Amino acid sequence: MSPSTARTERTVLITGATGGIGRAAAVHFAAQGARVFATGRKLDLLEALEKEVGDPARLQGLALDVNDAASIAAAVAKIDEHTDGAGIDVLVNNAGYGLIGPLLDINDERLRAQFDTNVFGLMAVTRAFVPAMIRKRRGRIVNVGSIAGRLTMPFMGAYNASKFAVEALSDALRMELQPFGIDVSIIEPGPIATGFSSTSMGTVGELDASASLYAPILAEADKMHKGADRLNSPVEVVVRAIHEAAFEDNPRARYVVPGSLQAVIWAAKATPTRLLDAILRRALGLTAKKLAPSV
Ligand SMILES: NC(=O)c1ccc[n+]([C@@H]2O[C@H](COP(=O)([O-])OP(=O)(O)OC[C@H]3O[C@@H](n4cnc5c(N)ncnc54)[C@H](OP(=O)(O)O)[C@@H]3O)[C@@H](O)[C@H]2O)c1
């Protein structure tokens with residue numbers, strides 16, 4: 001058996017595998033010979049995924065809502081049963097969504113829900129599955145963060161805050177788990193062609209836009225959204241990075257995907273904060289002329 005076959009034969013669990021990046025990663029890993037537990041909330045979509053792969057030894061769907069402690073515990077028990085207590089070797093914390101909108105229009109309940117899924121859910125799943133890796137003194141955790149965890153944009157503050165938190169948690173976990181043979185990487189995708197942007201736009205739709213201070217900008221949200229979608233990269237670029245983080249020797253701590261976005265991060269970091277603010281405000285139409293013409 002070649003070393004790379006040995007690696008891909010490992011057991012992988014992916015959260016949020018009912019669509020987008022998680023689903024594509026699940027199909028890829030199964031095709032590579034890994035044993036995949038594809039988890040999510042929508043059982044019909046997991047069944048369709050099982051059918052597509054058509055090999056229960058390679059891919060099994062499993063109910064797992066990252067916000068539900070009982071569902072996480074049930075998934076751990078099922079995996080222990082299926083693996084004779086060995087547990088998983090690779091955890092891909094992918095489930096997440098983007099809560100978009102002006103911060104003043106986002107109440108505590110919705111802000112907490114954003115952190116529940118993107119931050120607390122990721123940590124709850126990690127705590128649940130890491131003990132088996134510690135017993136084996138081997139494992140990989142791949143957290144799907146975002147370029148939004150490196151750069152802040154107006155109207156993305158809630159999502160930015162959650163993904164900045166994922167950055168810090170990933171860095172601390174990497175140092176804390178290294179003595180136990182567990183590696184932690186974070187994937188930082190830019191805009192990717194998945195269901196993500198329509199789910200995010202759905203959160204804008206939940207706002208009372210006409211009552212917002214930012215009504216003139218929110219009225220153009222659809223147009224901006226369509227423009228932004230033209231920047232999307234295909235999901236495969238993220239899957240490649242997750243693969244590398246999961247299976248390659250010496251995985252990197254962070255993967256910006258596509259790699260060309262690294263230059264954007266460097267340029268933004270090299271730009272004085274107030275100048276960057278002005279550039280982003282102008283791009284989003286955040287001007288007194290537009291928002292507060294009578295002041
Ligand atoms: N696409 C992008 O442009 C982009 C860019 C940077 C980072 N990301 C990150 O990539 C990850 C995957 O997003 P995606 O692009 O693949 O979007 P997507 O197509 O909307 O998929 C998101 C997945 O997360 C799942 N999910 C949401 N809440 C969940 C919960 N409480 N428990 C379990 N699963 C849950 C969704 O399941 P349901 O169908 O049940 O909601 C879905 O399977 C997210 O963490 C996102 O922040 C995406």
Could you run through segment 145-159 and say how many residues are more than 16 Å from VAL264 (Cβ to Cβ), of a type in the set (Ser, Thr, Tyr) and open to solvent by 30 Å² or more (accessible area, probe 1.4 Å)? 0
With the requirement that a residue be hydrophobic (A, V, I, L, M, F, W, C) and open to solvent by 40 Å² or more (accessible area, probe 1.4 Å), what does segment 240-277 give you? ALA263, VAL264, TRP266, ALA267, ALA270, LEU275, LEU276
So which pairs qualify, if the first residue must be in segment 86-97 and acidic (Asp, Glu), the second must be outside any loop (DSSP other than H, G, I, E, B) and open to solvent by 10 Å² or more (accessible area, probe 1.4 Å), the Cβ gap must be under 8 Å, and the two must be at least 6 apart or on different chains? ASP89/THR11; ASP89/LYS136; ASP89/ARG140
Could you tell me which numbered condition THR117 fails, if it satisfies all but one of (1) open to solvent by less than 30 Å² (accessible area, probe 1.4 Å); (2) closer than 30 Å to ASN250 by Cβ; (3) among the β-branched types (Val, Ile, Thr)? (2)
(1) open to solvent by 30 Å² or more (accessible area, probe 1.4 Å); (2) assigned to a helix (DSSP H, G or I); (3) at pLDDT 95 or above all hold for THR194 apart from (2)
Tally, over segment 206-235, of residues that are within 14 Å of the ligand (Cβ to nearest atom) and either hydroxyl-bearing (Ser, Thr, Tyr) or surrounded by 14 or more Cβ atoms within 10 Å (Cβ to Cβ) (or both): 4
Total residues in segment 174-183, condition free of Cβ contacts under 8 Å to residues at least 60 places away in the same chain and either within 16 Å of the ligand (Cβ to nearest atom) or not in a helix (DSSP H, G or I) (or both): 2
Scan segment 113-160 residue by residue and report those that are aliphatic (A, V, I, L, M), in a helix (DSSP H, G or I) and within 14 Å of the ligand (Cβ to nearest atom). ALA113, VAL119, LEU122, MET123, ALA124, VAL125, ALA128, ILE147, ALA148, ALA158
Which residue out of LEU104, LEU43 is open to solvent by 70 Å² or more (accessible area, probe 1.4 Å) and within 16 Å of the ligand (Cβ to nearest atom)? LEU43
Does segment 57-75 contain at least one residue that is free of Cβ contacts under 8 Å to residues at least 12 places away in the same chain and away from the ligand (no atom under 16 Å from the Cβ)? no
What's the number of the condition GLY16 fails, among (1) at positive phi; (2) within 16 Å of the ligand (Cβ to nearest atom); (3) open to solvent by 60 Å² or more (accessible area, probe 1.4 Å)? (3)
Just to be sure, is GLU81 in contact with a Gly (Cβ under 7 Å, 6 or more places away or on another chain) and either free of Cβ contacts under 8 Å to residues at least 60 places away in the same chain or under 30 Å from PRO154 (Cα atoms) (or both)? no
Within segment 55-81, residues being more than 24 Å from the chain's Cα centre (by Cα), more than 16 Å from ALA17 (Cβ to Cβ) and not small (Gly, Ala, Ser) number 2
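The values are calculated or read from the model by the stated rules, or taken from the named source; none is laboratory data. In this text the structure is predicted, and so the values were computed from the model without any measurement. No Cβ is skipped: glycine too gets one built from the backbone with ideal geometry, and neighbour counts run over all protein chains shown. Only protein heavy atoms, including side chains, enter the accessible area calculation; ligands, DNA and RNA are left aside. Shrake-Rupley method; radii C 1.70, N 1.55, O 1.52, S 1.80 Å.
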